[in-house]
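Here is the structure we will look at.
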Amino acid sequence: MIALQIKNTRQFMSALLASEVFDEFLLESAELQIANTYTIDGHVNREFFGDDSEKPEYELSKWSELKPVCYELIKGKNTPVSFKFIMCVAPPRKDELLPDDLRQIVSSLVFILKFKEGHITITTGAALSGFTLDKSYKKIWDDYMKRFLDSVGISYEEL
């Protein structure tokens with residue numbers, strides 16, 4: 001897995017909070033340290049929806065649904081002390097990226113986005129549901145994340 005340091009924090013924050021650039025991802029969790037500390041669990045409470053046919057399609061909330069909440073917490077004249085978002089690709093995208101033999105073993109492809117002391121880092125990772133000697137999923141995910149950032153014009157430095 002890789003760690004990437006974002007070169008332009010302002011541009012990245014605009015892409016994250018004021019555009020649709022990251023809307024394809026799901027939010028597993030968020031922790032924001034501003035005047036108070038806020039923690040958001042991105043796991044969907046299915047009981048909330050009852051028998052409604054409008055139940056979300058994934059176990060995790062879409063970033064597009066929680067982005068306005070995070071934006072409202074972050075915006076203001078003071079810079080956050082820190083924040084951390086754990087995000088992952090939606091299952092259909094994961095299945096597009098991985099070969100058939102890895103789809104069941106790799107349960108999610110994630111990235112951890114951290115802001116602290118004015119710097120943003122992205123660290124890629126994966127959750128596995130079993131053991132495999134095939135580590136190609138790491139390179140596939142790392143390469144995808146770099147291509148994704150390149151495609152939306154976000155510059156970074158590999159740490």
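None of the figures in this text is laboratory data; all of them are computed from the coordinates on show. These numbers were taken from a predicted model, which means no experiment stands behind them. Note: ideal-geometry Cβ built from the backbone for every residue, glycine included; neighbour counts use all protein chains shown.
Note on R46 and M1: their simple-model spin labels are 2.6 nm apart, each label 7 Å out from Cα toward Cβ.
Counting only residues at least eight positions apart within a chain, or on another chain, the aspartates and glutamates with an alpha carbon under 16 Å from that of K7 are E117, D150, E157, E158. What does the helix-only formula give at 222 nm for the chain: each DSSP H stretch with n ≥ 4 adding -39500 (n - 2.57), the total divided by the residues, and the result rounded to the nearest 500 deg cm²/dmol? Helix-only estimate at 222 nm: -8500 deg cm²/dmol.
What list do you get for S136, S108 if you sort them by fewest beta carbons within 10 Å? Provide the component values of the computation, followed by the final result.
Numbers: S136 12, S108 19.
The order, fewest Cβ neighbours first, is S136, S108.
With the charge dipole of the chain set up from +1 on Lys and Arg Cβ and -1 on Asp and Glu Cβ about the Cα centre, the Cα lying farthest toward the positive end among the listed residues C70, F83, S107 is that of F83. Computed extension gain for H119 through R147, at 0.36 nm per residue and net of the alpha carbon distance, reaches 8.0 nm.
Scaling against 2.2 N^0.38 Å puts the C-alpha radius of gyration of the chain at 1.08.
Which of the trypsin sites (Lys or Arg not before Pro) found in region 100-145 are loop residues per DSSP with 16 or fewer other Cβ atoms within 10 Å of their Cβ? Mind dumping the intermediate values first?
Working: sites: R103, K114, K116, K135, K138, K139; in loops: K135.
When the trypsin sites (Lys or Arg not before Pro) of region 100-145 are filtered for loop state and at most 16 Cβ neighbours within 10 Å, K135 remain.
Between E72 and Q104, residue separation times 0.36 nm minus the direct Cα-Cα distance comes to 7.8 nm.
Once backbone amide H atoms are built at 1.01 Å from N, S29 has G42, I86 as its partners under 5 Å, excluding neighbours fewer than 5 places away on the same chain. The mean sequence separation of alpha-carbon pairs under 8 Å and at least six residues apart, normalised by the residue count of the chain, gives a relative contact order of 32 percent.
Taking the Cα centre of the chain as reference, the dipole from Cβ charges on Lys and Arg (+1) and Asp and Glu (-1) amounts to some 740 debye.
Under 5 Å from the amide H of V106 lie the amide H atoms of S129, each residue being 5 or more positions distant or on a separate chain, with H modelled from the backbone and absent for Pro and chain starts.
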